[in-house]
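This report concerns only the one structure given below.
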Amino acid sequence: QKRAVAHVALFPSAGIGHLVPFLRLAAMLASPNCQCRVTLIAVQPPVSGAESNELSAFFASHPQINRLDFHLPIPSSSSEFADAEKPDPFFARFLAISSSVHLLHPLLASLSTPPLSAIFADFAVAADINRLADELSIPLYIVSTTSARFFSLMACLPDLILESKSSEDSSIQLPGLASVPISSLPPPFFTPDHIFTAHIRLNAQFLSKAKGILLNSFDWFESETIAAVNTGRVLAHLPPFLPIGPYEPCKAAVKAGSYLQWLDGQPNESVVYVSFGSRTALSKEQISELGNGLERSGCRFLWVIKTTKVDKDEREDLQDLLRSSFLERTKKKGLVCKGWVEQEQVFAHPAIGGFVSHCGWNSVTEAARFGVPILAWPLNGDQKLNAEVTEKAGLGVWMRHWGWLGENLVKGEEIGDQIVQLMQDKTLRIKAKKVKEEARKAYEVGGSSKKVLLEIIENL
Ligand code: BUP
């Protein structure tokens, strides 16, 4: 007997790191395998140009997905924050979205053909969306945009008292989980009223209302953490972790960028790809040392540079950031790009042999899917715990003593040495291929992630 079509509304919060997994999830749910009706809530206006571009490209190539634009009310005053300093624009947007969730009620209530069966919402709106799901009498699933490891730490945050960073060498013990080094905690966690900390703490208190937590991860990759949560050893009230990743890339083939043509001319696995995600603003000094390191390494490289948190603010030219002599000297070995490359396509290219990464969770799971070894250099937030997962799984190495990216000036000599190691480490390359193989087993038909996903849909 044919089952009724489930209709799922997906609700991402701000930033490309949050949007990308939702787009992929939307495409997976609407695929012939899952056959769901999908409504994607597109918060307007997006913070970054990257989000606007991704949304336009996605809806153009997925006409079967229903686009629901959700226009945020214009704030009555720009001084709504007590801080003299302006908050991070992405954090500010998290709050603006959360406080507007109630406005979604009429929009979601009126969805028909068929009526809504469930909401899959970002953790960043957990506190407010659960009320809405109750009012609409539909189940709520929380979508994690980070590792199971960091998510379980966030879930425990309301019960943690973190007062000082004085004992950098010590660690905190969480029920059922491997201990977390104090130095791996995001620094804002030591300031309870920091916008990042307060927002996580608030949303973590509402997790019990969800039916499950969807992870862009897979059993093999984070087995210990997933098992600890799912056997109730972490928090009795926490809904199950549902690992359904690594998500499938969902981009229609875009026009090949010049960097892809450049990669075509490079030998297999010879190029190190360097990118620290969409929100990284590296100092000029660190950019210069990194350039120095890449040049010293003698390796071929594709380097994506950003200097601002929000891409729309980017003003500087490559020529201002890097000496023209550097660009001239390295032009046979490397390519430096400003702003954005199609990372999925970069990973899929056979010339790529290594990745210097901040360990944003999407980047880690993409590298896992393609078996590209990582040199981890975390920048903030969840990224040290993501780096830990990466290293433990055999997908990469992490220079712990470099600290957070931007915390210490790491010299070119050391960077160069580590890049050479990354590119020459045959054992690491084999282990990374094993990760790729395990990822493939998870997402292919009959695999652990595919089974969990189909079960979720079956239950809607
Ligand atoms: Br930059 C960049 N091209 O040039 P993360 C990013 N991406 O396709 P982040 C590109 O954006 P948070 C580029 O493939 C990934 O899917 C990339 O997400 C794509 O890091 C996504 O890796 C970036 O999670 O977000 O941007 O720092 O901190 O929220 O995780």
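Miscellaneous remarks
- Only one of R201, R93 that is more than 27 Å from P45 (Cβ to Cβ) and touching a residue at least 24 places away in the same chain (Cβ under 8 Å): R201
- H194 vs. criteria crowded, with 17+ Cβ neighbours inside 10 Å and over 18 Å from the mean Cα position of the chain (by Cα): yes
- Filter result for R131 (within 16 Å of the ligand (Cβ to nearest atom), assigned to a helix (DSSP H, G or I) and of a type in the set (K, R)): no
- Screening F58 on (1) within 16 Å of the ligand (Cβ to nearest atom); (2) in contact (Cβ under 8 Å) with a residue 60 or more places away in the chain; (3) surrounded by fewer than 21 Cβ atoms within 10 Å (Cβ to Cβ) shows it passes everything except condition (3).
- Meets criteria (touching a Ser or Thr at 6+ places or on another chain (Cβ under 6 Å), part of a loop (DSSP other than H, G, I, E, B) and either crowded, with 19+ Cβ neighbours inside 10 Å or not hydroxyl-bearing (S, T, Y) (or both)) for P115: no
- Residue check for S48: surrounded by 21 or more Cβ atoms within 10 Å (Cβ to Cβ), within 21 Å of V341 (Cβ to Cβ) and of a type in the set (S, T, Y): yes
Let's see how each residue does on (1) in contact with a Ser or Thr (Cβ under 8 Å, 6 or more places away or on another chain); (2) at pLDDT 95 or above:
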position: G396; (1), (2): yes, yes
position: H401; (1), (2): no, yes
position: E407; (1), (2): no, no
position: D425; (1), (2): no, yes
position: K434; (1), (2): no, yes
position: K441; (1), (2): yes, yes
position: V452; (1), (2): no, yes
position: E455; (1), (2): no, yes
position: N459; (1), (2): no, no
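- Which numbered condition I213 misses (of (1) in contact with an Asp or Glu (Cβ under 9 Å, 6 or more places away or on another chain); (2) buried (at least 21 other Cβ atoms within 10 Å of the Cβ)): (1)
- Close pairs from segment 12-26: first more than 20 Å from D88 (Cα to Cα), partner at pLDDT 95 or above and among the aliphatic types (A, V, I, L, M), Cβ under 6 Å, at least 6 apart: F22/L10; A26/L10; A26/V38; A26/L40; A26/I65
- Residue check, L335 away from the ligand (no atom under 11 Å from the Cβ), surrounded by 19 or more Cβ atoms within 10 Å (Cβ to Cβ) and modelled with pLDDT of 85 or more: yes
- Pair list, Cβ under 8 Å, 6 or more apart: segment 433-452 residue within 19 Å of L214 (Cβ to Cβ), other residue in a helix (DSSP H, G or I) and among the polar types (S, T, N, Q): A442/S448; A442/S449; Y443/S449
- Check on F221, touching a residue at least 12 places away in the same chain (Cβ under 8 Å), among the hydrophobic types (A, V, I, L, M, F, W, C), within 16 Å of the ligand (Cβ to nearest atom) and touching a His at 6+ places or on another chain (Cβ under 6 Å): no
- For beta carbons closer than 6 Å, sequence separation of 6+ or different chains, a first residue in segment 317-331 that is free of Cβ contacts under 8 Å to residues at least 40 places away in the same chain and a second that is part of a helix (DSSP H, G or I) and surrounded by 11 or more Cβ atoms within 10 Å (Cβ to Cβ), the qualifying pairs are L321/I287; L322/G291; F326/G291; T330/E295.
- Residues located in segment 371-388, provided they are crowded, with 23+ Cβ neighbours inside 10 Å and within 13 Å of the ligand (Cβ to nearest atom): V372, I374, A376, W377, P378, G381, D382, Q383, K384, L385, N386, A387
- In a residue-by-residue description of segment 250-259, the property of being crowded, with 23+ Cβ neighbours inside 10 Å and in contact (Cβ under 8 Å) with a residue 60 or more places away in the chain applies to no position.
- Condition met for G394 (crowded, with 20+ Cβ neighbours inside 10 Å and in contact (Cβ under 8 Å) with a residue 12 or more places away in the chain): no
- Qualifying residues in segment 275-305 (those that are β-branched (V, I, T) and within 11 Å of the ligand (Cβ to nearest atom)) - the one surrounded by the fewest Cβ atoms within 10 Å (Cβ to Cβ): T280
- One residue alone among A178, A121, A96 is assigned to a strand (DSSP E or B) and among the small types (G, A, S), and that residue is A121.
- Residue in segment 348-358 that is β-branched (V, I, T), within 11 Å of the ligand (Cβ to nearest atom) and modelled with pLDDT of 95 or more present: no
The values are calculated or read from the model by the stated rules, or taken from the named source; none is laboratory data. This one's a predicted model, so the numbers in the text were calculated from it and none came from an experiment. Positions of Cβ are backbone-derived with ideal geometry, glycine not excepted, and every protein chain shown enters the neighbour counts.
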